[in-house]
Structure formats: C-alpha cells, structure tokens
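Working notes, beginning with the structure itself.
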Amino acid sequence: MESGKKEEAGPSRGVVNAEEKKDKQREMKTEKPLTISEVLLADEDEEEEYDDEDVKEGDGVVAGFSPGPLVSLKEQIEKDKDDDSLRRWKEKLLGCVEGDLNGQMEPEVKFHSIGIISDDFGEITTPLPIDKNQNGHVLFTLKEGSRFQLKLTFNVMHNIVSGLTYSNTVWKAGLQVDQSKGMLGTFAPQREPYVHTLEEETTPSGVLARGLYSAKLKFEDDDRRCHMELNYSFEIKKSR
C-alpha cells in the first residue's frame with residue numbers, strides 16, 4: 001500500500017561531496033601549524049615507547065651495553081707511527097706528545113690546587129694535596145648571603161678521562177644540609193694544567209646559618225674511578 005506522503009528528495013551525492021570538500025578546506029585553513037616545542041614533545045613521546053629491558057637499569061647502565069676495551073693513547077698513536085702527518089695531528093688533537101705517554105691505560109687526574117672566589121675577599125688558593133694533619137681544616141670563611149665559586153687546577157695523564165663529575169656534600173652539626181653535583185667534562189692529557197671553576201653558589205643567611213660547616217668534595221669519572229676526595233671545613237659569619 002502506497003503512502004499518501006511523497007518521500008522528500010535528498011541532496012545528490014555530488015552535492016554532498018562538494019560540501020564535504022568545502023568543510024575540509026575550512027578546517028585546513030583554521031588548523032594552526034605545530035610549534036617547534038610540540039614537534040619535540042611528539043618526538044619525546046615516541047622515544048618513550050621503548051621496551052623496559054632496553055631502558056637504563058637502576059645503576060645507570062644501559063641494559064645489554066658492553067663498552068669496548070680500554071686502549072692506551074700510546075698504542076693509539078703507534079698505530080699510525082709510519083704516517084708522520086697523522087701522528088702529529090693526533091698529538092696536536094690530544095694535546096700531548098708520544099714522549100709523555102708510558103702505555104698506561106688508566107687515566108689519572110692530578111689536582112694541584114683548590115681556590116675560593118668571592119666578592120668579600122677576592123681569591124684564596126690552597127695547594128693540593130692538603131697535609132693529612134690539616135685534612136678537614138677551615139679552608140675559608142664567608143659572610144652570610146655572599147656568593148662564591150670553587151676553582152680547581154688539575155692535570156690529566158696517561159689517557160683520556162671521560163665524564164669527570166664532582167659532588168660537594170655539606171654537613172652542619174652532623175646533619176647533611178646541602179649537596180651539589182655537576183659535570184666538568186671529558187679531558188685529554190696535556191702538559192698545561194686545566195683550570196675549571198664550579199657553578200656559583202650563595203651562602204645561607206640568618207642566625208641558624210652561621211657557624212662551622214664540614215664538607216666533602218669528590219671527583220669521579222664515568223667508570224666510577226675516584227680521582228680525588230677532599231674533606232674540608234668552612235665558616236659562615238654574620239654580615240656587617
């Protein structure tokens with residue numbers, strides 16, 4: 001049985017396609033381009049989709065990573081001893097000459113001095129190593145709220161030291177009150193000493209901040225070799 005109402009004719013498929021095309025064009029015009037930060041964040045999200053076994057383990061070592069054997073600089077230079085130009089280029093690049101190398105594979109960092117730079121008194125330098133009888137003695141005295149930097153002079157011998165880092169831990173009355181860490185970098189052996197200034201710090205202020213502090217400054221490379229561990233003390237006095 002036919003209905004008395006006629007079925008209304010809908011738009012043709014060609015008209016629908018034309019409308020959809022216009023809608024898409026409007027969306028493309030209004031859509032904002034991605035910023036650099038959004039692109040970088042998208043890359044980071046993709047990098048996070050790794051298997052847990054391929055990510056760093058708890059001790060900071062990448063699972064499945066096996067570092068190559070340690071080779072002495074002398075051996076590396078001798079590989080091209082017949083090529084004078086290449087050998088001289090290596091010596092220039094490494095900052096040393098073959099006569100300074102003894103074939104030792106383990107790098108050695110020798111610290112010559114530690115200094116303190118402050119607006120209060122300029123710079124005070126203490127030779128290293130400190131006499132065992134003076135180990136832990138007061139290296140410097142600072143006013144509360146003053147800015148200062150530690151300055152180190154050292155040499156690298158035998159081989160390249162990679163990822164040299166420092167940690168400076170501070171105690172007062174037996175309680176740890178501060179710890180700072182940082183990266184010095186990678187250094188090749190050279191005859192001239194390296195001079196490196198650590199990041200600027202500010203002493204605390206107030207009655208409770210004044211007094212005597214003990215500290216331990218430690219230097220390690222990325223193979224966990226400890227190149228120096230220095231115990232020292234410093235004092236913070238009232239600012240006048």
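The values are calculated or read from the model by the stated rules, or taken from the named source; none is laboratory data. Note that the structure is a prediction, hence the values are computed from the model and not measured. With ideal geometry, Cβ positions are generated from the backbone for all residues, glycine too; neighbour counts draw on all protein chains shown. Each accessible area value is taken on the protein alone, full model and side chains, heavy atoms only, with ligands, DNA and RNA left out. Shrake-Rupley method; radii C 1.70, N 1.55, O 1.52, S 1.80 Å.
Observations on the structure shown:
- Where 82, 131 fall by accessible area, highest first, once all protein chains stay in place (1.4 Å): 82, 131
- Accessible surface for residue 225 stands near 60 Å², nearest 10, in the context of the full protein assembly shown (1.4 Å probe).
- With protein chains left intact and a 1.4 Å probe, residues in the range 106-237 average 53 Å² of accessible area per residue.
- Residue 201-residue 125 FRET efficiency (beta carbon distance; Förster radius 22 Å; 0.05 resolution): 0.75
- With a threshold of 20 Å on the Cα-Cα distance, the over-threshold entries among 151/218; 218/238; 151/238; 216/238 are 218/238; 151/238; 216/238.
- Taking amide H as placed 1.01 Å from N in the peptide plane, the amide H of residue 239 sits under 5 Å from that of 144, each at least 5 places away or on another chain.
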